[in-house]
Amino acid sequence: MKRILPLFLILSLGVAYAAETVDGVRRQIKTVNEETSREKKLHADEKKRHEDFIKSGRDKVVSLNNQKKSLRSEIETMKAELARLNEARNKSAGVAHWYEARKQKYAQELAKVAEDLVPYFEADFPYRATETAESFKQMASELRKGVVAPDDALGRILEVFMDRIRMGYTTESWDGYLTDAETGKQMQGKYFRYGAVAAIFESADQTEYYWLDHVNGAYKWKKLPSSLEVRAQVKDALRVAEGKAAPHIVRIPVPTGDAVKSVSAEKSAAEKTAPVKKEVKK
């Protein structure tokens, strides 16, 4: 009887342990299934936003191309009119004077358009925005002085717009300096830009990290939170951007109006630029 009792206790403990193990496995399977469903839903939502952004970008490009065709047509009309006026100039000095006056008026109007665009570029994503604004100011001055022809100036304006559009489809990293707006401290480090959506700065000693926020219509560099997780994500993104790590999905901070939020970013080994919205493909 004494031998049977320990054996019974051992069997009872074995059955209880097996039951607890099965329950644990079932709970883990349930947790994995719930996490899988959540990830699938998030992926579907991100895919839908990405497709909407692609469609919006294509529509804007089509619209710009249509405007470019219209402007080219207007230029061709002006050239044809110039040819007719040159032929008539020998017959009538008054006609030549009228044409010159109209050309001057068109140049003045185009100069005003260039000047009106300056504030938009100054408030745009701060990547070569200042240079672009200064270029438009110079162009307006040259138009008023008659140094540049209106059709040449118009071509340059269109090219600037195309460059700004192309900027939204590219990424870039470069060395530079950043001044902390609060402390006035100037730091040497490295910048990383993703299109016209996000920008990150890493100090040379890899102790300070900043991200480009957009609040109340103004861009401002802000310090990243001291969270080790956020800083690790930014370091990982910079390593992928520089080709120091294998391509994989990373997370980068983007402006949301009041806080730092991250979005997934994927770098392709074959292609380094692609149009995106929140799901960053790099």
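The values are calculated or read from the model by the stated rules, or taken from the named source; none is laboratory data. Here the structure is a predicted model, which is why all the values come from computation and not from measurement. As a convention, Cβ positions derive from the backbone with ideal geometry for all residues, glycine included, and neighbour counts pool all protein chains shown. Ligands, DNA and RNA are stripped out before the accessible areas are found, and what is left, the full protein with its side chains, is counted by its heavy atoms. Shrake-Rupley method; radii C 1.70, N 1.55, O 1.52, S 1.80 Å.
Do we find a residue being part of a helix (DSSP H, G or I), open to solvent by less than 100 Å² (accessible area, probe 1.4 Å), at pLDDT 80 or above and within 30 Å of Gly168 (Cβ to Cβ) anywhere in segment 21-32?
Initial filter on segment 21-32 (part of a helix (DSSP H, G or I)): 21-32.
Okay, now just the ones that are also open to solvent by less than 100 Å² (accessible area, probe 1.4 Å), so 21-25, 29, 31-32.
After this cut, where a residue has to be at pLDDT 80 or above as well, the list is 29, 31-32.
Subsequent filtering for residues that are within 30 Å of Gly168 (Cβ to Cβ) retains none.
No, segment 21-32 has no match at all.
Determine if segment 108-117 includes at least one residue that is more than 30 Å from Asp213 (Cα to Cα) and not in a helix (DSSP H, G or I). Reasoning before the result, please.
The initial filter retains those residues of segment 108-117 that are more than 30 Å from Asp213 (Cα to Cα), namely 108-112.
From the residues that got through so far, the ones that are not in a helix (DSSP H, G or I) too are none.
The answer is no; no qualifying residue exists.
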Given the conditions (1) out of contact with any Leu (no Cβ under 7 Å at 6 or more places or on another chain); (2) assigned to a strand (DSSP E or B), report the number of the one that Tyr219 does not fulfil. (1)
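Yes/no matrix, rows are residues, columns are (1) on the phi < 0 side of the Ramachandran plot; (2) of a type in the set (D, E, K, R); (3) modelled with pLDDT under 85:
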site: Glu182; (1), (2), (3): yes, yes, yes
site: Lys185; (1), (2), (3): yes, yes, no
site: Val197; (1), (2), (3): yes, no, yes
site: Glu202; (1), (2), (3): yes, yes, no
site: Gln206; (1), (2), (3): no, no, yes
site: Pro225; (1), (2), (3): yes, no, yes
site: Gln233; (1), (2), (3): yes, no, yes
site: Leu238; (1), (2), (3): yes, no, yes
site: Ala245; (1), (2), (3): yes, no, yes
Would a scan of segment 169-191 turn up a residue that is in contact (Cβ under 8 Å) with a residue 40 or more places away in the chain, outside any strand (DSSP E or B), of a type in the set (Phe, Trp, Tyr) and under 27 Å from Pro119 (Cβ atoms)? yes
Residues of segment 118-129 being part of a helix (DSSP H, G or I), open to solvent by 30 Å² or more (accessible area, probe 1.4 Å) and of a type outside the set (D, E, K, R), which ones? Pro119, Tyr120
Selected residue (criterion: nearest to Lys185 (Cα to Cα)) from residues of segment 210-243 that are free of Cβ contacts under 8 Å to residues at least 24 places away in the same chain and exposed (fewer than 12 other Cβ atoms within 10 Å of the Cβ): Ser226
Any chance segment 56-68 includes a residue that's under 23 Å from Ala149 (Cα atoms), basic (Lys, Arg) and either modelled with pLDDT of 80 or more or loosely packed, with under 11 Cβ neighbours inside 10 Å (or both)? yes
Listed residues Ala149, Ala140, Ala114; which is in the same structural domain as Ser63 (by the TED database) and under 30 Å from Ile54 (Cα atoms)? Ala114
With the condition kept exactly as written, say whether any residue in segment 158-168 is under 30 Å from Arg102 (Cα atoms), open to solvent by 80 Å² or more (accessible area, probe 1.4 Å) and of a type in the set (Lys, Arg). no
